[in-house]
Amino acid sequence: MAVAAWAGGALIGRELESGTARLAWTQSVSPARWLAGLLTVAALPLAAGGALLALVFGWVWSSDRPQLVSNWTYDRVFIPHGPLLPALLLLGLAVGALAGLALGRTLPALGTAAAVTLAVRLYLRTAWLPLRGPLHGFWALQLAATAMVLALAAAATVGAFWLLRRRTR
């Protein structure tokens with residue numbers, strides 16, 4: 001998740017801090033297109049890598065369960081075992097982009113993105129245990145948590161585009 005926070009916060013913050021973004025905007029690239037391009041280039045490998053890691057983790061965990069933690073509610077099993085891992089990576093990217101646009105500096109944006117992503121992860125650790133009553137089973141809980149994280153990522157992305165539009169008028 002630190003890589004995702006770096007990809008969003010440091011990439012956007014660095015471009016704003018160094019003036020590279022303004023140079024791109026004076027060429028034929030609109031600010032929205034610039035942000036969409038950066039987010040797409042960063043999101044594709046993050047989502048694909050996260051999905052691959054989740055598949056490998058699931059394969060290893062299911063093949064040698066007696067040697068590993070056998071309770072799927074343990075957060076170090078629950079998070080990397082399904083689509084929640086790529087969703088958390090996309091959240092880190094989106095929050096990093098929002099922080100980079102809001103702060104305009106590389107290191108503060110990186111720290112903010114990492115802190116918010118960690119806070120969401122820690123919230124998930126405490127939130128899914130009470131949800132085990134109404135949501136039965138691993139996949140119901142995994143998909144509900146993934147939907148929540150993707151909604152937060154979408155909100156952060158919309159916020160980043162809104163802030164960019166507001167600042168570049």
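The values are calculated or read from the model by the stated rules, or taken from the named source; none is laboratory data. Quantities reported herein were computed from a predicted structural model and do not represent experimental measurements. We place every Cβ from the backbone using ideal geometry, glycine too, and count neighbours over all the protein chains shown. Surface areas here come from the heavy atoms of the whole protein model, side chains and all, with no ligands, DNA or RNA. Shrake-Rupley method; radii C 1.70, N 1.55, O 1.52, S 1.80 Å.
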**Q.** Where Ala54 falls short, out of the listed (1) aliphatic (A, V, I, L, M); (2) within 16 Å of the chain's Cα centre (by Cα); (3) modelled with pLDDT under 90; (4) open to solvent by 30 Å² or more (accessible area, probe 1.4 Å)
**A.** (4)
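Residue-by-condition table, conditions (1) under 16 Å from the mean Cα position of the chain (by Cα); (2) open to solvent by 70 Å² or more (accessible area, probe 1.4 Å):
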site: Val3; (1), (2): yes, yes
site: Trp6; (1), (2): yes, yes
site: Gly9; (1), (2): yes, no
site: Thr20; (1), (2): no, no
site: Trp25; (1), (2): no, no
site: Val29; (1), (2): no, no
site: Arg33; (1), (2): no, yes
site: Thr40; (1), (2): yes, yes
Q) Taking the stretch 14-40 on its own, how many of its residues are more than 14 Å from Ala94 (Cβ to Cβ) and in a helix (DSSP H, G or I)? A) 17
Q | Tabulated pairs, the stretch 77-103, first within 16 Å of Leu53 (Cβ to Cβ), second among the hydroxyl-bearing types (Ser, Thr, Tyr) and buried (at least 24 other Cβ atoms within 10 Å of the Cβ), C-beta under 7 angstrom, 6+ apart or interchain | A | Leu88/Thr117; Leu91/Thr117; Gly92/Thr117
Q. Among the hydrophobic types (A, V, I, L, M, F, W, C) and either open to solvent by less than 30 Å² (accessible area, probe 1.4 Å) or at pLDDT below 85 (or both): does that describe Leu46?
A. yes
Q: Please give the number of the condition Trp72 fails out of (1) at pLDDT 90 or above; (2) open to solvent by 50 Å² or more (accessible area, probe 1.4 Å); (3) in contact with a Phe, Trp or Tyr (Cβ under 8 Å, 6 or more places away or on another chain).
A: (1)
